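Structure record follows, encoded as C-alpha cells.
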Amino acid sequence: MSGATNLVFSNLNFADVGNGAFRIAQPVSGITIQDSSANNVRTFIENASSSGTTDASISGLTVKNVRGELF
C-alpha cells in the first residue's frame, strides 16, 4: 500500500484473476508494468482506496509489452 514508489514489475503471468491483478489502494508514483501477460483477468489494474483512505491516485504509470486475453 503506502511506499510503492519507483517500482518495476516485469515477466509476470496472471491467470483467472477477478478484480485487480494490480490493486492501487493509496497514492503511488513511478510504477512500471512490463513484459507480462494476463489471461482471463477481469480488471488488470484497479485503483480503489482502502478503508480509511480517500485517495488511490497514480502518477507516472507505464504499462508496456503486456498482452491480455479473455477466455
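In percent, how large is the relative contact order of the chain, given Cα pairs closer than 8 Å and 6 or more residues apart?
With pairs under 8 Å counted, the relative contact order is 36 percent.
Just need log10 I(q)/I(0) for the chain at q = 0.14, 0.16, 0.17 Å⁻¹, Debye formula, equal scatterers on the alpha-carbon atoms, no solvent, rounded to two decimals.
Listed by q, the Debye log ratios stand at -0.43, -0.56, -0.62.
Go through 10-17, 23-30 and give me the packing order, highest mean Cβ count within 10 Å leading.
23-30, 10-17
If amide hydrogens are placed 1.01 Å from N in the peptide plane, which non-local residues have theirs closer than 5 Å to the one on A56?
Amide H neighbours of A56, under 5 Å, 5+ apart: S49.
Read-outs throughout are calculated quantities, based only on the coordinates presented, and are distinct from any laboratory measurement. Predicted model, so just to flag it, every value in this text is computed and none were measured. Positions of Cβ are backbone-derived with ideal geometry, glycine not excepted, and every protein chain shown enters the neighbour counts.
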